[in-house]
Amino acid sequence: MEASMYKTIRCGDVRAGDIGKEVTLAGWVDRWRDHGGVIFLDIRDRWGVVQVTANPELAAAAHETAARLRNEFVVQIRGIVRRRPAGMENPNLATGEVEVESREVEVLNAALTPPFNINEESPVDENVRLKYRYLDLRRERLQKNLVLRHKITKFMRDYLDPLGFIEVETPILFKTTPEGARDYLVPSRVHPGCFYALPQSPQQLKQLLMVAGVERYFQIARCFRDEDQRGDRQPEFTQLDLEMSFVHRDDVLDIIEGLFTELIPAVAPHKKIQQTPFPRLTWTDAMNRYGIDKPDLRFGMELCDASGVFAKSEFKVFQEALKSGGVIKCISVPGCAAYSRKDVDDLMAFAREQGGQGLATVAYTGEGVKGSVAKFVAAGEAAALKQLTGAADGDLILLVADTIMTANKVLGALRLLFRDRLNLADKNKISLVWILDFPMFHWNEEEKRWEAEHHAFTMPKEADLPKIDTDPGSMLSDAYDLVINGTELGSGSIRIHRADIQHKVFERIGLSEEEIRGRFGHLLEAFEYGAPPHGGMAPGIDRLAMVLADEPNIREVIAFPKNQQALDVMADAPSPADPRQLKELHIRLLDER
RNA sequence: GGGGGCGUGGUGUAGCUGGCCUAACACGCGGCCCUGUCAAGGCCGAGAUCGCGGGUCCGAAUCCCGUCGCUCCCGCCA
């Protein structure tokens, strides 16, 4: 019931209890219907729509003004709340029992005809929507998404405060990080040739806050990464950044799990969390069973290792794969045994896109075993495969013979393809799963060096520390991911809090003494002054909102997003800089365009 | 960097095996009519040369080549 200078009641709040009252409304014309005599106006504000009547016999001037109104005009209306005549109520409207009989209608601002309809959810070319983002945001869909985001961040703050967390802001102008994504750079005017970097995350800063004795920190933090866009990636995005001191892994997991277990029903009651406590998978299990480190557990179709079944296979491709240390893995696709040659060819093309060599199929039809490798499959093998996968007649087995990495990747991608094609995942289910025990390092073949799988601040498993010089590839770390419906919601880890271990890890990933000192001197020094053991996590708020709002795209949950080319088409950013500005910044442009 | 899809009035689509397209339909827009509608209704009307450039052809929105833009995916995203 917020009153203001312009309105005594919100449009969406007018109810039967207000009948007889004089009210003043202000809002936008959502629709208007001129019946020759009486004119009906639907006036909209953020809280809803209310019908206003303009009757020439009751208020001639108001009626005259009402006749000139068009969609999206901004108006202020003084009138009396009336019960609608019997039979004229509109049950689709929260305000449908009543209407406002206008006495005065004032145009606060006229409006051009909008480039698309504000009052309905018709599809519109996204470029047009982005150009007129302020109009798109006026529509119900994005209004709802803005409110959802607000509820999410408000819930997070309210949840964490009583647990002793404090929100601390960290700088946007910071320092470039080696490894990781490309940085956005900001040139310094005062220091020619020097640049700030926008943080890819407040990682180092929150660790320094732990050294500072904050113990429990969080921030609704903006992060910047200059990489190519995806449906779930923007150059700038928001995380719930969180860090705790004196914790083991499970302390962090418990806090985060408690937060989401309560948050989701509170802000998205129609969504049901599939399983609490959240299931926990090791990274190795996730890869073996789902072929991916962010499995969607809303459906089965797990990967099976059929290497044993085909150990003595006559099929050359299978023989070769096994001989060279590879595997034969498969998934069973329900009800697709009747796939045509073309259907299967399309799947093969898809498998190749994912990096596979090809795809073999075995179809259990009513008339026996069919499929691309049917003639190489012995009866015993067919039966064993059927038992291994649990396939029924009518199912199609997709087999990949390759390195374990590639087989997992291809089948994991196929599993998701069929999730969407066969509608295997319930929209209103939320599968949240922890992925634990990630490898500490992976080998970068191109650069011929070890890289941190999670990031360089992650604590290796204590027991694996001795292997850092001898066998880094087999080391596990105390890193963890939280996965929601097959999307990485966030990741975190227990951090290194000792300068000697941190230094060792930097060395392992190929940083020189000079680089270590130049880039991380402050951190290593800080660790020498009593750094507590600590760890944390950073769930992505945009991705969470996207899933909870059933949006297919991250742009739908960001007020002013950039398009795939990282352009803001509304403001036309980025744009060329004024030569004077460039000069001040000591920047000369190369002659490319 | 690579691959797929799309690009027709303000918006969404149809047309796209070339000629009947002087480009259709819906919404929106403008005018007129109508005192109870609420996706109001009726009548009338304006509005696109089919992303751009080139080519084939007697003839192209429709075929070919190039190019630009948007989008999805791979690479990339510690």
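A few points about this structure:
- Candidates A:GLY521, A:GLY530 - the one that is away from RNA strand B (no atom under 14 Å from the Cβ) and open to solvent by 40 Å² or more (accessible area, probe 1.4 Å): A:GLY530
- Being touching a residue at least 12 places away in the same chain (Cβ under 8 Å) and over 30 Å from A:VAL505 (Cα atoms) is true of A:GLY358.
A quick yes/no check of all residues on (1) out of contact with any strand residue (DSSP E or B) (no Cβ under 6 Å at 6 or more places or on another chain); (2) aliphatic (A, V, I, L, M); (3) open to solvent by 20 Å² or more (accessible area, probe 1.4 Å):
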{"residue": "A:GLN354", "(1), (2), (3)": "yes, no, yes"}
{"residue": "A:SER372", "(1), (2), (3)": "no, no, yes"}
{"residue": "A:ALA378", "(1), (2), (3)": "yes, yes, yes"}
{"residue": "A:ALA384", "(1), (2), (3)": "yes, yes, yes"}
{"residue": "A:GLY394", "(1), (2), (3)": "yes, no, yes"}
{"residue": "A:THR403", "(1), (2), (3)": "yes, no, yes"}
{"residue": "A:THR406", "(1), (2), (3)": "yes, no, yes"}
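- Among the residues making up the range A:179-217, those that are open to solvent by 20 Å² or more (accessible area, probe 1.4 Å), among the basic types (Lys, Arg) and not in a strand (DSSP E or B) are A:ARG182, A:ARG189.
- Residues of the range A:154-178 that are assigned to a helix (DSSP H, G or I) and either at positive phi or in contact with a helix residue (DSSP H, G or I) (Cβ under 8 Å, 6 or more places away or on another chain) (or both): A:PHE155, A:MET156, A:TYR159, A:LEU160, A:LEU163.
- Pairs linking a residue in the range A:43-60 that is without any contact (Cβ under 8 Å) to a residue 12 or more places away in the chain and on the phi > 0 side of the Ramachandran plot to a residue that is surrounded by fewer than 16 Cβ atoms within 10 Å (Cβ to Cβ) and not polar (S, T, N, Q), with Cβ atoms under 9 Å and 6 or more positions apart or on different chains, do not occur.
- Among the residues making up the range A:117-140, those that are open to solvent by less than 80 Å² (accessible area, probe 1.4 Å) and away from RNA strand B (no atom under 14 Å from the Cβ) are A:LEU137, A:ARG138.
- The set of residues in the range A:33-74 that are out of contact with any helix residue (DSSP H, G or I) (no Cβ under 8 Å at 6 or more places or on another chain), more than 9 Å from RNA strand B (Cβ to nearest atom) and among the acidic types (Asp, Glu) contains only A:GLU64.
- One residue from A:ASP437, A:ASP420 being of a type in the set (Asp, Glu) and over 26 Å from A:SER477 (Cβ atoms): A:ASP420
- Test: residue in the range A:569-581 that is assigned to a helix (DSSP H, G or I), more than 14 Å from RNA strand B (Cβ to nearest atom) and either open to solvent by less than 60 Å² (accessible area, probe 1.4 Å) or among the hydrophobic types (A, V, I, L, M, F, W, C) (or both): no
- Every residue from the range A:207-253 that is of a type in the set (Asp, Glu), out of contact with any Phe, Trp or Tyr (no Cβ under 9 Å at 6 or more places or on another chain) and within 30 Å of A:GLU556 (Cα to Cα): A:GLU227, A:ASP228, A:ASP232
- Any hit, the range A:227-243, residues being out of contact with any Lys or Arg (no Cβ under 8 Å at 6 or more places or on another chain), within 18 Å of A:GLY535 (Cβ to Cβ) and part of a helix (DSSP H, G or I): no
- The single condition among (1) open to solvent by less than 30 Å² (accessible area, probe 1.4 Å); (2) more than 30 Å from A:VAL168 (Cβ to Cβ); (3) touching a Lys or Arg at 6+ places or on another chain (Cβ under 7 Å) that A:VAL327 does not satisfy is (3).
- Qualifying residue in the range A:519-540 (condition: under 25 Å from A:LYS294 (Cβ atoms), aliphatic (A, V, I, L, M) and modelled with pLDDT of 95 or more): yes
- In the range A:97-116, the residue that is farthest from A:MET570 (Cα to Cα) out of those that are open to solvent by 70 Å² or more (accessible area, probe 1.4 Å) and more than 15 Å from RNA strand B (Cβ to nearest atom) is A:GLU104.
- Considering only residues in the range A:1-32 that are touching a Leu at 6+ places or on another chain (Cβ under 9 Å) and either aliphatic (A, V, I, L, M) or under 14 Å from A:GLU72 (Cα atoms) (or both), the one that is nearest to RNA strand B (Cβ to nearest atom) turns out to be A:ARG31.
- Residues satisfying the stated conditions in the range A:426-462, i.e. open to solvent by 30 Å² or more (accessible area, probe 1.4 Å), part of a loop (DSSP other than H, G, I, E, B) and under 21 Å from A:LEU482 (Cβ atoms): A:ASP426, A:LYS427, A:ASN428, A:ASP437, A:GLU453, A:HIS454, A:HIS455, A:LYS461
- Exactly one residue out of A:ILE501, A:ILE554, A:ILE509 is away from RNA strand B (no atom under 14 Å from the Cβ) and open to solvent by less than 30 Å² (accessible area, probe 1.4 Å): that is A:ILE501.
- Residue match in the range A:154-168 (condition: open to solvent by 60 Å² or more (accessible area, probe 1.4 Å), within 14 Å of RNA strand B (Cβ to nearest atom) and in contact (Cβ under 8 Å) with a residue 12 or more places away in the chain): no
- Leading residue by the ranking (nearest to A:CYS336 (Cα to Cα)) among those in the range A:356-370 that are touching an Asp or Glu at 6+ places or on another chain (Cβ under 8 Å) and open to solvent by 50 Å² or more (accessible area, probe 1.4 Å): A:GLY366
- Odd one out for A:GLU257 among (1) assigned to a loop (DSSP other than H, G, I, E, B); (2) open to solvent by less than 30 Å² (accessible area, probe 1.4 Å): (1)
- Every test in (1) under 38 Å from the mean Cα position of the chain (by Cα); (2) within 11 Å of RNA strand B (Cβ to nearest atom); (3) surrounded by 15 or more Cβ atoms within 10 Å (Cβ to Cβ) is passed by A:ASN92 save one, and that test is (3).
- Of the residues contained in the range A:422-435, one or more are found to be within 16 Å of RNA strand B (Cβ to nearest atom) and at pLDDT below 95.
The values are calculated or read from the model by the stated rules, or taken from the named source; none is laboratory data. Given the structure is predicted, the values throughout are model-derived calculations rather than measurements. Cβ: placed from backbone, ideal geometry, glycine included. Neighbour counts: every protein chain shown. To get the accessible areas, we keep the full protein, side chains included, count just its heavy atoms, and leave off ligands, DNA and RNA. Shrake-Rupley method; radii C 1.70, N 1.55, O 1.52, S 1.80 Å.
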